[in-house]
Amino acid sequence: MDSLTIIAVTSIITSGITIGFGAIGPAFAEGRAVANALTALAQQPDASATITRTLFVGLAMIESTAIYCFVVTMILLFSNPFWNYFIEQSGH
Amino acid sequence: MHLSPDEIVYWQYGYFKLNATILFTWGLMLVFLIGAKILTGLLIDKDERTRWQNTLEIIVLGIEKQISNVGLSQPRQYIGFLGTLFLYVALANLFTIFPGYEPPTGSLSTTLSLALCVFVAVPYYGIKQRGLKDYLASYTKPTFIMLPFNIIGEISRTFALAVRLFGNIMSGSMIIGIMLIIAPFVFPIVMTALGLLTGMVQAYIFFILASVYIAAATSVNTIHPPPSIEEHKEI
């Protein structure tokens, strides 16, 4: 395999692994957060506004870890710096 | 498929490029400027108020309430900076309902510059409130060993702030693009609605995180210096 093929294969496989594993952690965390928020809502329906708002903020913060993985994946797939460097070097 | 509106270049002269990010930011600035000019011209001091004035008061008082909930006792001092952050990000994300509009917050340069504004504003307000020596001493707060970690934390949270907003908005527009290829009939509308919700939530988070950082820098006599968002259950 020449270096371009190696870079392409590694990038594609790594991006798949990145988004896959990057989704696992936030998924568990969001599940826990929502479950706890539902328990709190069932116990204290009066505080629903505060709970819901805090839940949304927390969910978005948890989700941002998945978003970081997504950004890395997108960079690997669509604007890979190593790929661009080798394309430049080979003079296409 | 393009990652950010930076790649749409309308006009180029040598090094200077006029891309979609700059153009739409200028558009937003124009909307803000004209809107503020018109709205402040309509303000009256009597009991009979226009609907626009009521809307404006709701927005300003709501932002003030949020800022004071975070722990900043004089929200008027900070509303110029924090309120602008919130309104800019919210409006930039809200305008995605117009076809052909590319949100400037979907570009890393915009979000990074906003985050750098927060990065500069935190020491500015901290020094203004507590004095230079007291503020610098807060970096060594639990023990002196924590000094490098506090500095690293200051820098990394700036990047996290930028990448969070960028990633959320970029992923929203990218998912809509993919949806248009696979299932172009109903699903893009649903995803656009979801994108609007995420945009609003992200604007609120950006604003509330900036407020929390400023509150942590300005608060006097704290034992644990940076109260994170998890500890602020009452926001």
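Here, each number is a calculation from the coordinates, and none is a lab measurement. Just so we're clear, the structure is a prediction, and the values are computed from it rather than from any experiment. Backbone-built Cβ (ideal geometry, glycine too); neighbour counts: all protein chains shown.
Rounded, prolate or oblate: pick one for region B:1-94, where a ≥ b ≥ c are the square roots of the eigenvalues of its C-alpha gyration tensor, a/c under 1.5 means rounded, and failing that, prolate if a/b is larger than b/c, else oblate. Please report the intermediate quantities before stating the final value.
Numbers: a/c = 3.08, a/b = 1.84, b/c = 1.67.
Taking the square roots of the gyration eigenvalues as a ≥ b ≥ c, region B:1-94 is prolate.
Arranged by the count of other C-beta atoms within 10 angstrom, fewest first, what order do B:76, B:157, B:49 take?
Values: B:76 11, B:157 18, B:49 14.
Starting with the residue having the fewest Cβ neighbours, the order is B:76, B:49, B:157.
Rg(Cα) of chain B divided by 2.2 N^0.38 Å?
Details: Rg = 20.1 Å, N = 235, 2.2 N^0.38 = 17.5 Å.
Normalised by 2.2 N^0.38 Å, the Cα Rg of chain B equals 1.15.
Rounded to the nearest 10 degrees, what's the angle between the helix A:3-43 long axis and the longest principal axis of chain A, both from Cα atoms, 0 to 90?
Around 0 degrees separate the two axes.
So, in Å, what gap is there between the alpha-carbon centers of region B:76-113 and region B:18-53?
That distance is 14 Å.
Taking the inverse of the average 1/r across all pairs of different Cα atoms in chain A, what Kirkwood radius in Å do you get? Write out the running numbers ahead of the final one.
On the way: mean 1/r = 0.0634 Å⁻¹.
Roughly 15.8 Å, rounded to one decimal.
Identify, among B:168, B:41, B:31, the residue whose Cα sits farthest towards the positive end of the charge dipole of chain B, taking +1 on the Cβ of Lys and Arg and -1 on the Cβ of Asp and Glu, with the dipole about the Cα centre.
B:41
Would you please give the FRET efficiency between residue B:141 and residue A:53, computed as 1/(1 + (r/R0)^6) with r the Cβ-Cβ distance and R0 = 45 Å, to the nearest 0.05? Can you show the working numbers first?
Values: r = 29 Å, r/R0 = 0.65.
Working from the Cβ atoms, E equals 0.95.
Per DSSP helix of 4 or more residues, -39500 (n - 2.57); summed, then divided by the residues of chain B. What does that give at 222 nm, rounded to the nearest 500?
Working: 7 runs with 155 residues, N = 235.
Helices in chain B give a 222 nm mean residue ellipticity of -23000 deg cm²/dmol.
Using the 10 angstrom Cβ neighbour count as an exposure proxy, how do B:57, B:48 rank, fewest first?
Values: B:57 12, B:48 6.
The order, fewest Cβ neighbours first, is B:48, B:57.
Using only Cα atoms, find the angle between the long axis of helix B:187-218 and the longest principal axis of chain B, and express it within 0 to 90 degrees, rounded to the nearest 10.
The answer is roughly 20 degrees.
Can you tell me the orientation of helix B:147-182 relative to chain B, as the angle in degrees between its alpha-carbon axis and the longest Cα principal axis, to the nearest 10?
Around 20 degrees separate the two axes.
Sort out for me the Cα centre separation of region B:118-138 from region A:63-84, rounded to whole Å.
Using only Cα atoms, the two centres lie 35 Å from each other.
Please give the per residue volume of the convex hull enclosing the alpha carbon atoms of region B:138-195, rounded to a whole number of Å³.
Details: hull volume 4.9 nm³, N = 58.
Enclosed volume per residue, from the Cα hull, is 85 Å³.
May I ask you to sort A:9, B:89 by Cβ crowding, counting other Cβ atoms within 10 Å and putting the fewest first?
Details: A:9 11, B:89 26.
Listing A:9, B:89 from fewest to most nearby Cβ atoms yields A:9, B:89.
Determine Rg/Rh for the protein assembly as shown; Rg is computed over alpha-carbon atoms and Rh is the Kirkwood hydrodynamic estimate from the same atoms. Don't skip to the end; give the middle numbers.
Values: Rg = 22.2 Å, Rh = 22.3 Å.
Over the Cα atoms of the protein assembly as shown, Rg/Rh equals 0.99.
Say a paramagnetic label sat at a point 7 Å from the Cα of residue B:44, along Cα to Cβ; which residues of region B:59-94 have their backbone N under 17 Å from it?
Zone members listed by number: none at all.
Aspartates and glutamates within cross-link reach of residue B:65: Cα-Cα under 15 Å, excluding same-chain residues under 8 positions apart?
B:57, B:234
Once the piece of chain linking residue B:152 and residue B:17 is laid out straight, how much longer is it, given 0.36 nm per residue of separation minus the C-alpha distance between them?
Details: separation 135, 0.36 × 135 = 48.60 nm, distance 3.34 nm.
Stretched fully, the residue B:152-residue B:17 segment lengthens by 45.3 nm.
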